[in-house]
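Enquirer: Quick one: this structure, given as structure tokens, is what I'll be asking you about.
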Amino acid sequence: MKNWKYPFLLLAGIGVSYLGNWIYLIAINLSILDLTGSAAAVAGLYVIRPIAILITNTWSGSVIDRTNKRKLMIGVDVIRGLLVFLIPFIGSLWVIYFLLLLINIVGAFFGPSSSVYITKLIPASDRKRFNSLMSMTSSGAFLLGPALTGVLIMLVGTELCIFINAATFLVCAFFIYLLPDVDDFVKEKRDPITWSMLVGDWRIVRQFAVGATFFMTVYLLFQGAMLTGFALDSQEVTFIKQHLLLTDQEYGWIVSLTGLGALGGAGVAAIVANRVSLRFYIGGGMLLTSLGYLLFYSSIGFWTATLSFVFLGFFMAFANTGYATFFQQSVPVEIMGRFGSIAEMLQAIVQIVLTLILGVAADWFTIQTACIAFCSVGVVLAAVLFITVLLPSKQVHFSEGKLEA
């Protein structure tokens, strides 16, 4: 791409938002704990997003595909910024929960909208490198956010951290405002969302899924392995503290070094984007990520756990870049919002179920036995994915220059 002005503006806006989210995540946890003194109240924060997804994602894609994506993203960020700004002034836990639910409902429109916008803004030949840089931005925020939050909380308290998060949404909205419109035509007056419209949209998504057999095969294998990993993340702290008997400081080192691994992986993925096939990004990246989980839950001490997680973080950057690029090249932009929203809803349900199953299994057996069993399932799914994408007859689906599958 000769002109990276607009891509870098988009990266800057979303990067600021990522950083703000990390600051906010830590600050809101501490705020709720200070307000209530209840661990259960803090745990309640983590069910709000899945609830918001279940409320919105059956119909949000229908709105996204019929709306100007740039204006929608700006509106979402402005509304989120204003709602987050109100949180420090609220003294009721349930009112805060309600505000957070609204924030997550509004936020459900941003991810699918940004996927469509990126697909239209970035030429197909440059998407792999752009997605690598996006992953690098996310990893950088993951590293810097918690450290910056710790300093800010010590100096000025949690309330200012929440105000900073509100400001980052507005900054992101400003950067997106500087970007061009990419929608060829969007009706100024949209038709109201009706039940018959939703059913029709679901049929369109279903027809695409039935017709795009290879894409759906790759999608299901990749998401199966990735969601298995997300379920394993729920046992990460328990495994480190109760099985490996490590300290909080050692846990902090593991998390920080994992972030460095992810940042390094994203950097390498961006550098070699034009030299390594997309098939190896998505297939090899996911297989090595799954092996990283298996190595971690087989570890016997601090160093084996740390090296396993650095390994995992490094190759997860490749896997995420490969999947994002493949998704953008395979799903028609006309239905990308609807497909992404419905897929995200189903993924949330599967993630909840897998997390509950793993939690029960960890109680029935040892935590290491249950986690290794889950890791093995993830490795098998990733291995099948790797074999599938390497089939010579399927190479055409990974052509870097093609816009749609």
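Enquirer: Using a 10 Å cut-off around each Cβ, can you sort Phe311, Phe374 from fewest to most neighbouring Cβ atoms? Write out the running numbers ahead of the final one.
Expert: Numbers: Phe311 20, Phe374 23.
Listing Phe311, Phe374 from fewest to most nearby Cβ atoms yields Phe311, Phe374.
Enquirer: Give me P(r) over segment 194-398, computed from all C-alpha to C-alpha distances, binned every 10 Å, as integer percentages.
Expert: 9, 31, 33, 19, 7, 1
Enquirer: Which Cα, out of Ala141, Gln328, Leu346, lies furthest along the positive dipole direction of the chain (beta carbon charges, K/R +1, D/E -1)?
Expert: Gln328
Enquirer: In addition: Please report, to one decimal in angstroms, the Kirkwood hydrodynamic radius of segment 1-179 built from all distinct Cα-Cα pairs.
Expert: Numbers: mean 1/r = 0.0586 Å⁻¹.
Taking every pair of different Cα atoms in segment 1-179, averaging 1/r and inverting gives 17.1 Å.
Enquirer: Another question, then. Fewest to most neighbouring Cβ within 10 Å: what's the order for Ser393, Ser341?
Expert: Details: Ser393 7, Ser341 28.
So the ranking, lowest neighbour count to highest, is Ser393, Ser341.
Enquirer: Pop the C-beta distance of Asp34 and Leu144 into the FRET formula with R0 = 30 Å and round what comes out to the nearest 0.05.
Expert: 0.80
Enquirer: Follow-up question, since we're still on this one. Which value, in debye to the nearest 20, gives the size of the charge dipole of segment 1-179 about its Cα centre, when Lys and Arg are +1 and Asp and Glu are -1 at the Cβ? Kindly include the intermediate steps, with their values, before the conclusion.
Expert: On the way: 12 positive and 5 negative charges, 176 e Å.
Once rounded to the nearest 20, the dipole reads 840 debye.
Enquirer: Lys/Arg Cβ at +1, Asp/Glu Cβ at -1, dipole of segment 194-398 taken about the Cα centre: which of Ile240, Ser393, Ala269 is farthest positive-ward?
Expert: Value: Ser393.
Enquirer: Compute the relative contact order of segment 1-179 as a whole-number percentage, counting only Cα pairs closer than 8 Å that sit 6 or more residues apart in sequence. Walk me through the numbers on the way to the answer.
Expert: Working: 199 pairs, mean separation 89.8, N = 179.
In percent, rounded to a whole number, it is 50.
Enquirer: Taking 30 Å as R0, compute the FRET efficiency from the Cβ-Cβ separation of Val384 and Trp195 and round it to 0.05. List each step's numbers first, then the result.
Expert: Numbers: r = 38 Å, r/R0 = 1.28.
In this case the efficiency is close to 0.20.
Enquirer: Mind giving me the FRET efficiency for Glu159 and Arg206? R0 is 56 Å, r the Cβ-Cβ distance, nearest 0.05 is fine. Walk me through the numbers before you get to the answer.
Expert: On the way: r = 47 Å, r/R0 = 0.84.
Between Glu159 and Arg206 the formula returns 0.75.
Enquirer: Taking +1 at the Cβ of each Lys and Arg and -1 at the Cβ of each Asp and Glu, which of Ile367, Val379, Tyr281 sits farthest along the dipole of the chain towards its positive end, judged by Cα position relative to the Cα centre?
Expert: Of the candidates, Tyr281 comes out farthest on the positive side.
Enquirer: On to the next question. About its Cα centre, what dipole magnitude does segment 194-398 give when the only charges are +1 on Lys and Arg Cβ and -1 on Asp and Glu Cβ, stated in debye to the nearest 20? Write out the running numbers ahead of the final one.
Expert: Details: 7 positive and 8 negative charges, 126 e Å.
Here segment 194-398 has a charge dipole of around 600 debye.
Enquirer: So for the chain, averaging the separation of alpha carbon pairs under 8 Å that are six or more residues apart and normalising by length, what relative contact order in percent results?
Expert: Numbers: 574 pairs, mean separation 105.6, N = 405.
Here the relative contact order equals 26 percent.
Enquirer: Now a separate question. Fewest Cβ neighbours within 10 Å first, please rank Val84, Val380 accordingly. Mind dumping the intermediate values first?
Expert: Numbers: Val84 24, Val380 15.
Lowest count first: Val380, Val84.
Enquirer: Further question on the same structure: Arranged from highest to lowest average of other beta-carbon atoms within 10 Å per residue, in what order do the peptides 126-139, 257-270, 291-304 appear?
Expert: Numbers: 126-139: 23.9, 257-270: 22.0, 291-304: 18.1.
Most protected by this proxy first, the peptides run 126-139, 257-270, 291-304.
Values quoted throughout were computed directly from the atomic coordinates according to the rules given, and no laboratory measurement underlies them. Computed from a predicted structure; not experimentally measured. Here Cβ is always computed from backbone atoms with ideal geometry, including for glycine, and neighbour counts include all displayed protein chains.
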